[in-house]
1. Of the numbered conditions (1) buried (at least 19 other Cβ atoms within 10 Å of the Cβ); (2) among the hydrophobic types (A, V, I, L, M, F, W, C); (3) touching a Phe, Trp or Tyr at 6+ places or on another chain (Cβ under 8 Å), V100 fails exactly one; give the number of that condition.
2. Residues D163, D142, D170, D133: which one is charged (D, E, K, R), in contact with a helix residue (DSSP H, G or I) (Cβ under 6 Å, 6 or more places away or on another chain) and surrounded by fewer than 23 Cβ atoms within 10 Å (Cβ to Cβ)?
3. Which of (1) more than 29 Å from D10 (Cα to Cα); (2) surrounded by fewer than 13 Cβ atoms within 10 Å (Cβ to Cβ) is the odd one out, the single condition D68 does not satisfy?
4. Which residues, taken from the range 11-31, are assigned to a helix (DSSP H, G or I) and loosely packed, with under 15 Cβ neighbours inside 10 Å?
5. Residues of the range 145-160 being surrounded by fewer than 24 Cβ atoms within 10 Å (Cβ to Cβ), of a type outside the set (A, V, I, L, M) and part of a helix (DSSP H, G or I), which ones?
6. Any chance the range 178-190 includes a residue that's hydrophobic (A, V, I, L, M, F, W, C), farther than 25 Å from Q114 by Cβ, surrounded by fewer than 17 Cβ atoms within 10 Å (Cβ to Cβ) and out of contact with any His (no Cβ under 9 Å at 6 or more places or on another chain)?
7. Which members of the range 13-35 meet the condition of being without any contact (Cβ under 8 Å) to a residue 40 or more places away in the chain and among the charged types (D, E, K, R)?
Amino acid sequence: MEKEAHPAGDRIALLIIDMINDLEFEGAPAVLDQAEAASHAVVGLKAAARRAGAPVIYVNDNFGRWSDDRRQITAHASRKGVRGGAITKRLAPKDDDIFVIKPQHSGFYGTNLQVLLPSLGVTRLVLVGMAADLCVLFTAADAHMRQYRLWTPGDCLVPSKPDRLKPALDILKDGLAADVRLSPELKELWR
């Protein structure tokens, strides 16, 4: 069954979820290699989105730093000696990227995302980032309920634990109708 078009328009946006991250949490060493590989794939998607004029939106946890803004969160996550420093530097938002700070797992919960996306004419979302089985999945579920078409390329996702990526991809694909093809296969999105 074909979904009805969202009334806002037919634009695509790239949402980069929780990749601005110091990776200084329990379990992070087990997913560090996956995060490193995913960050390189996300760089490619971000470049493609920018070339196509698609909005690039960071949806990021504040990690309990309630008074911090995007620059402070990025500086904190890229400081010397933290696991996620190189990844954060690689993916640091540009001045014209949008940065939404989220207080909980879903990018829609307690944020301006549900007003922002329609105002940009967005009906299609590419969701990438951490954690595939938590924040990406919760954001995807909320987006699905709002009738956004979803792409969640598996090479751009990092699970909270190494064995949780496949189950998350299964839920994204089968339960939320997300396209989970790898990022090189999504070139047609940006045309």
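1. Checking V100 against (1) buried (at least 19 other Cβ atoms within 10 Å of the Cβ); (2) among the hydrophobic types (A, V, I, L, M, F, W, C); (3) touching a Phe, Trp or Tyr at 6+ places or on another chain (Cβ under 8 Å), the one that fails is (1).
2. D133
3. Here D68 meets the rest and fails (2).
4. Correct list: P29, A30.
5. G154, D155
6. The initial filter retains those residues of the range 178-190 that are hydrophobic (A, V, I, L, M, F, W, C), namely 178, 180, 182, 186, 189-190.
After this cut, where a residue has to be farther than 25 Å from Q114 by Cβ as well, the list is 182.
Adding the requirement that they be surrounded by fewer than 17 Cβ atoms within 10 Å (Cβ to Cβ) leaves 182.
Cutting the leftovers down to out of contact with any His (no Cβ under 9 Å at 6 or more places or on another chain) gives us 182.
Within the range 178-190, one or more residues are hydrophobic (A, V, I, L, M, F, W, C), farther than 25 Å from Q114 by Cβ, surrounded by fewer than 17 Cβ atoms within 10 Å (Cβ to Cβ) and out of contact with any His (no Cβ under 9 Å at 6 or more places or on another chain).
7. E26, D33
Listed here are the residues, each with its yes/no results for (1) in a strand (DSSP E or B); (2) modelled with pLDDT of 95 or more.
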{"residue": "P7", "(1), (2)": "no, no"}
{"residue": "A37", "(1), (2)": "no, yes"}
{"residue": "V42", "(1), (2)": "no, yes"}
{"residue": "F99", "(1), (2)": "yes, yes"}
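The values are calculated or read from the model by the stated rules, or taken from the named source; none is laboratory data. On a predicted model such as this, the values are computed, not experimentally measured, just so you know. Reconstructed Cβ throughout: ideal geometry from the backbone, glycine too, with neighbour counts over all protein chains shown.
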